[in-house]
Amino acid sequence: MSLKRRQVLAGSAGLGVVSLTSGLAAPAIANSEPIRIGYLPALTGPSSSTGVGITRGTELAVDVINKAGGINGRKIEMVVRDTQSDPTKAVNAVAELTQRQKVAAIWGPLNSGEALAATPLIARDKVPMLHPCWVDTLIDVKKYPMAFRQAPTNTQVGKGANHYVVNVLKLKKVAVVSDTTGYGTSSANTYVPMLKEMGAEVVYTNNVDAANPDLKPELLRMQNAGAQAIMPWSVNAGFLSRICNTRGNMGWDVPIVGQTTLGSGQTKALLEKPEYWNKVYSNNFRNCCYVNGKLPPRAAEYVERLKKDKIEVADTLLWWVALGWDGAMMFADTLKAVGPKNTDIVAYWNNKVKGWPGIYGTVTWTPEQHNGFPDEDVVMCEVNSLRDGAFNIAPGYNS
């Protein structure tokens, strides 16, 4: 992996490396052949906001690990292939990584649309796979026994958002809109029945092309149907900003509650007026939210590291950067314990990852459950409170 920030990370070895690198110390033995890990972010294309943020954390962690001596004397080498937000390119990249590059494991894809296409092929080639994608069907211990998720499922995320709209804001008439990607459509298909089961009335639902420049007809349909809240599901910052802008231009004062990209710096940069971020609440995660003005201790320490190492978070989200760090550190802990053999990696993940303390979230896996994120850590936040890539937890939570 070509780390673009080596020059600003040169002084990072003294910044609490032991506490934030799982205790990795420089070994006395000489380095040998690097351990190669395939990495499949979307760094370009319409769904790249996630990949850009996660990559910053991944790069920083790999740099720290390697400067501390690597894994028992072996450097980690990230073999990066930009999926370009395109499932077909993700599929092509998998073939190269598993069959030609012979990587020990794969981190990603980072977007569900690409992961839906890539996961069966990674499973076919018997390569351990770690990913943060939310679509529920991406984890199946029988179909994909080497795939593990280090993030919540769509069901967990939807429950968090639906709970906030129906039980906290006390709103019953809801409009659900998504883009036409695999992630967007699967989210809408999952969340609409959940809302109905909670007693909400879904007065509008549609899948809309994310490139559609004029969303006013869609929002007028929502308004005419009596919607009291808009719930959009997309990782496309342009699409989400157009929803916020259109609502603002219409003077329609209803809350927007949905996907985390609603609160990204990229979405903010596309707003026509700053106040169009008012009454917008996005999914977030307790470990990366301000509660009573403070971040949890691990996240606060991590933010200080990012500042010292000049890693930008103003245009992205803290939890994306932290998730990239956690992914690389999970690989470091695993490879240090058992080495790069595929079956050993999977056995370690199945049996030894219990309450693993990441910056983004705590992870626990078992042989029967490769979803590792706790329900209680999925919360909503106020997007207009953005500071250092993190937000205030939304009004209405007890803590």
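The values are calculated or read from the model by the stated rules, or taken from the named source; none is laboratory data. Bear in mind the structure is a predicted one, so any value in this text is a computation, not a measurement. Don't worry about glycine lacking a Cβ; one is built from the backbone with ideal geometry, like all the others, and counts go over all protein chains shown. These area figures cover heavy atoms from the full protein model, side chains too; ligands, DNA and RNA do not enter into them. Shrake-Rupley method; radii C 1.70, N 1.55, O 1.52, S 1.80 Å.
Residue by residue, here is whether (1) over 18 Å from the mean Cα position of the chain (by Cα); (2) small (G, A, S) holds:
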{"position": "G358", "(1), (2)": "no, yes"}
{"position": "T366", "(1), (2)": "yes, no"}
{"position": "P374", "(1), (2)": "no, no"}
{"position": "V378", "(1), (2)": "no, no"}
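In region 58-79, what count of residues is obtained for those that are open to solvent by less than 10 Å² (accessible area, probe 1.4 Å), part of a helix (DSSP H, G or I) and without any contact (Cβ under 8 Å) to a residue 60 or more places away in the chain?
Result for region 58-79: 1.
Of the residues V338, V321, V313, which single one is farther than 21 Å from K75 by Cα, at pLDDT 95 or above and out of contact with any strand residue (DSSP E or B) (no Cβ under 6 Å at 6 or more places or on another chain)?
Every option except V321 fails the conditions.
Which ones in region 341-378 are open to solvent by less than 20 Å² (accessible area, probe 1.4 Å), at pLDDT 95 or above and β-branched (V, I, T)?
I345, V346, V353, I359, V363, listed by residue number.
Filter region 26-57 down to the residues that are closer than 21 Å to A90 by Cα, open to solvent by 10 Å² or more (accessible area, probe 1.4 Å), at pLDDT 90 or above and assigned to a loop (DSSP other than H, G, I, E, B) and list them by number.
Result: L43, T44, G45.
Which of the residues spanning region 246-269 are in a helix (DSSP H, G or I) and open to solvent by 30 Å² or more (accessible area, probe 1.4 Å)? Walk me through how you get there before you give the answer.
Taking region 246-269 as the starting set, the residues that turn out to be in a helix (DSSP H, G or I) are 246-250, 260-263, 265-269.
N249, M250, Q266, K268, A269 - these are the residues of region 246-269 that are in a helix (DSSP H, G or I) and open to solvent by 30 Å² or more (accessible area, probe 1.4 Å).
Listed here are the residues, each with its yes/no results for (1) within 30 Å of K341 (Cβ to Cβ); (2) touching an Asp or Glu at 6+ places or on another chain (Cβ under 9 Å).
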site: T137; (1), (2): yes, no
site: R149; (1), (2): yes, no
site: N167; (1), (2): no, no
site: K173; (1), (2): no, yes
site: G182; (1), (2): no, yes
site: N189; (1), (2): no, no
site: G199; (1), (2): no, no
site: D209; (1), (2): no, yes
site: N212; (1), (2): no, yes
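I'm trying to understand the selection: among the residues of region 292-322, which are among the β-branched types (V, I, T) and open to solvent by 40 Å² or more (accessible area, probe 1.4 Å)?
Of everything in region 292-322, nothing turns out to be among the β-branched types (V, I, T) and open to solvent by 40 Å² or more (accessible area, probe 1.4 Å).
Could you check region 178-219 and list, in sequence order, the residues that are free of Cβ contacts under 8 Å to residues at least 60 places away in the same chain and either assigned to a strand (DSSP E or B) or touching a Gly at 6+ places or on another chain (Cβ under 7 Å) (or both)?
Passing the criteria: S178, T190, Y191, M194, E201, V202, V203, Y204, T205, N206, N207, V208.
When you check K310 against the structure, is it touching a residue at least 60 places away in the same chain (Cβ under 8 Å), part of a loop (DSSP other than H, G, I, E, B) and over 20 Å from the mean Cα position of the chain (by Cα), yes or no?
Criteria met by K310.
Can you find a residue that is over 25 Å from G160 (Cα atoms) and in contact with a Lys or Arg (Cβ under 8 Å, 6 or more places away or on another chain) anywhere in region 262-269?
So far as region 262-269 goes, no, none of its residues is over 25 Å from G160 (Cα atoms) and in contact with a Lys or Arg (Cβ under 8 Å, 6 or more places away or on another chain).
Quick one: how many residues across region 323-340 are in contact (Cβ under 8 Å) with a residue 60 or more places away in the chain, in a helix (DSSP H, G or I) and open to solvent by 10 Å² or more (accessible area, probe 1.4 Å)?
2
Which one is most open to solvent (accessible area, probe 1.4 Å), of the residues in region 80-100 that are of a type in the set (S, T, N, Q) and assigned to a loop (DSSP other than H, G, I, E, B)?
Restricting to residues being of a type in the set (S, T, N, Q) and assigned to a loop (DSSP other than H, G, I, E, B), the top hit is Q84.
Within region 278-291, take every residue that is assigned to a helix (DSSP H, G or I) and open to solvent by 10 Å² or more (accessible area, probe 1.4 Å) and give me the one that is farthest from L240 (Cα to Cα).
Among residues in region 278-291 that are assigned to a helix (DSSP H, G or I) and open to solvent by 10 Å² or more (accessible area, probe 1.4 Å), the one farthest from L240 (Cα to Cα) is N287.
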